[in-house]
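Engineer: Below are the structure tokens for one structure; questions will follow.
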Amino acid sequence: MSGAWTPITQPYPVKAGMEAADAKDALRRAIRAQRSNRSARLRAHAAEAFADVIASIPEVRDASCVATYAARSFEPGTGPLLERLASRGARVLLPVLGSGLARDWAEYTGPEDLRERAPGRPPEPGGPTLGTDAIKLADVVVVPALAVDSRGVRLGQGGGWYDRVLTGLRPGSRVIAVVFPEEVYDAATRPLPVQTHDILVDAVATTVDWRQLP
């Protein structure tokens, strides 16, 4: 994969003997702090680059239904990707968050329909919800992450929403995580902490390239 990272730009505050949950929290803090340094201009440029890479992945290019996400400011941007998928006729499903970890989906119909329904939550479509099992319609699922390692271990925001969602995929559906290049970790030297409930991803996409995992 091109766009190699270096230890100088890749935070890894994991120490020997740390519990997995503590190591995850330390990594989340470090990666969030690093992401916060990106300007709005750089985030917008990155969103276009993410769209170029993700749209080139065969599973995405050929999918009739893609489940993905509407990004918040601290996540890899997806606005251009949503438009590209919709413009070629793919059905695009976005999460609708209920109370707690309630899981639902609605269809993306355009940027004008996206609304932030509650502070801190991602923008959601205003159309009818499709139910938890709508995830089974997806040929491929594109998920946000804070980091991914070469085994396919994904570090999320810590709410557990996607770990629960991904247990409901139909057989054969692929999961692609989206991160910045320096957030792809070599598990041989910098493995991400993993717990029994964590769901591995099948591929990772950055602003410069993508690859199958593990």
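The values are calculated or read from the model by the stated rules, or taken from the named source; none is laboratory data. As the structure is a computational prediction, the values presented were derived from the model and not from experiment. Positions of Cβ are generated from backbone atoms using ideal geometry, with glycine treated the same way; all protein chains shown enter the neighbour counts.
Engineer: In this structure, does residue 73 turn out to be of a type in the set (Ser, Thr, Tyr), under 21 Å from residue 170 (Cβ atoms) and surrounded by fewer than 16 Cβ atoms within 10 Å (Cβ to Cβ)?
Structural biologist: No.
Engineer: Checking the structure you have, find out if any residue of the stretch 16-39 is among the polar types (S, T, N, Q), under 18 Å from the mean Cα position of the chain (by Cα) and assigned to a loop (DSSP other than H, G, I, E, B).
Structural biologist: yes
Engineer: Would you pick out the residues in the stretch 39-81 that are within 24 Å of residue 132 (Cβ to Cβ) and in contact with a strand residue (DSSP E or B) (Cβ under 6 Å, 6 or more places away or on another chain)?
Structural biologist: Answer for the stretch 39-81, where residues must be within 24 Å of residue 132 (Cβ to Cβ) and in contact with a strand residue (DSSP E or B) (Cβ under 6 Å, 6 or more places away or on another chain): 59, 60, 63, 65, 66, 67, 68, 69, 70, 75.
Engineer: Then there's this: Could you list all residues from the stretch 140-179 that are under 17 Å from residue 25 (Cβ atoms) and among the β-branched types (Val, Ile, Thr)?
Structural biologist: Listed by number, the list holds a single entry, 153.
Engineer: Output the number of the condition that residue 148 fails; it satisfies all remaining conditions of (1) farther than 28 Å from residue 187 by Cβ; (2) in contact (Cβ under 8 Å) with a residue 24 or more places away in the chain; (3) touching a helix residue (DSSP H, G or I) at 6+ places or on another chain (Cβ under 8 Å).
Structural biologist: With (1) farther than 28 Å from residue 187 by Cβ; (2) in contact (Cβ under 8 Å) with a residue 24 or more places away in the chain; (3) touching a helix residue (DSSP H, G or I) at 6+ places or on another chain (Cβ under 8 Å) applied to residue 148, the lone miss is (1).
Engineer: Okay, next question. Pull up the stretch 7-59, narrow it to residues that are surrounded by fewer than 18 Cβ atoms within 10 Å (Cβ to Cβ), in contact (Cβ under 8 Å) with a residue 40 or more places away in the chain and polar (S, T, N, Q), then point me to the one that is nearest to residue 92 (Cα to Cα).
Structural biologist: By that ranking, first place goes to 56.
Engineer: Return the residues of the stretch 44-87 that are within 15 Å of the chain's Cα centre (by Cα) and charged (D, E, K, R); say none if nothing qualifies.
Structural biologist: 72, 75 - these are the residues of the stretch 44-87 that are within 15 Å of the chain's Cα centre (by Cα) and charged (D, E, K, R).
Engineer: Sticking with this one: Residue 191: farther than 18 Å from residue 76 by Cβ, surrounded by fewer than 19 Cβ atoms within 10 Å (Cβ to Cβ), touching an Asp or Glu at 6+ places or on another chain (Cβ under 8 Å) and not acidic (Asp, Glu), yes or no?
Structural biologist: yes
Engineer: A further question follows. Do you know which residues across the stretch 98-151 are farther than 30 Å from residue 181 by Cβ, assigned to a strand (DSSP E or B) and β-branched (Val, Ile, Thr)?
Structural biologist: Matches in the stretch 98-151: 129 only.
Engineer: Return a yes/no flag: does the stretch 157-180 have any residue that is in contact with a Ser or Thr (Cβ under 7 Å, 6 or more places away or on another chain) and surrounded by 15 or more Cβ atoms within 10 Å (Cβ to Cβ).
Structural biologist: Within the stretch 157-180, one or more residues are in contact with a Ser or Thr (Cβ under 7 Å, 6 or more places away or on another chain) and surrounded by 15 or more Cβ atoms within 10 Å (Cβ to Cβ).
Engineer: Further question: I'd like to verify a number: residues in the stretch 48-91 that are among the basic types (Lys, Arg) and outside any loop (DSSP other than H, G, I, E, B), how many?
Structural biologist: 3
Engineer: Enumerate the pairs (first residue in the stretch 191-208 and more than 13 Å from residue 145 (Cβ to Cβ); second residue anywhere and part of a loop (DSSP other than H, G, I, E, B) and among the small types (Gly, Ala, Ser)) with beta-carbon separation below 8 Å, excluding pairs fewer than 6 apart on the same chain, so at least 6 apart or on different chains.
Structural biologist: Matching pairs, first to second residue: 197/160; 207/3; 208/2; 208/3.
Engineer: Collect the residues in the stretch 142-173 that are of a type in the set (Asp, Glu) and modelled with pLDDT of 95 or more, keeping them in residue-number order.
Structural biologist: The answer is 149, and nothing else.
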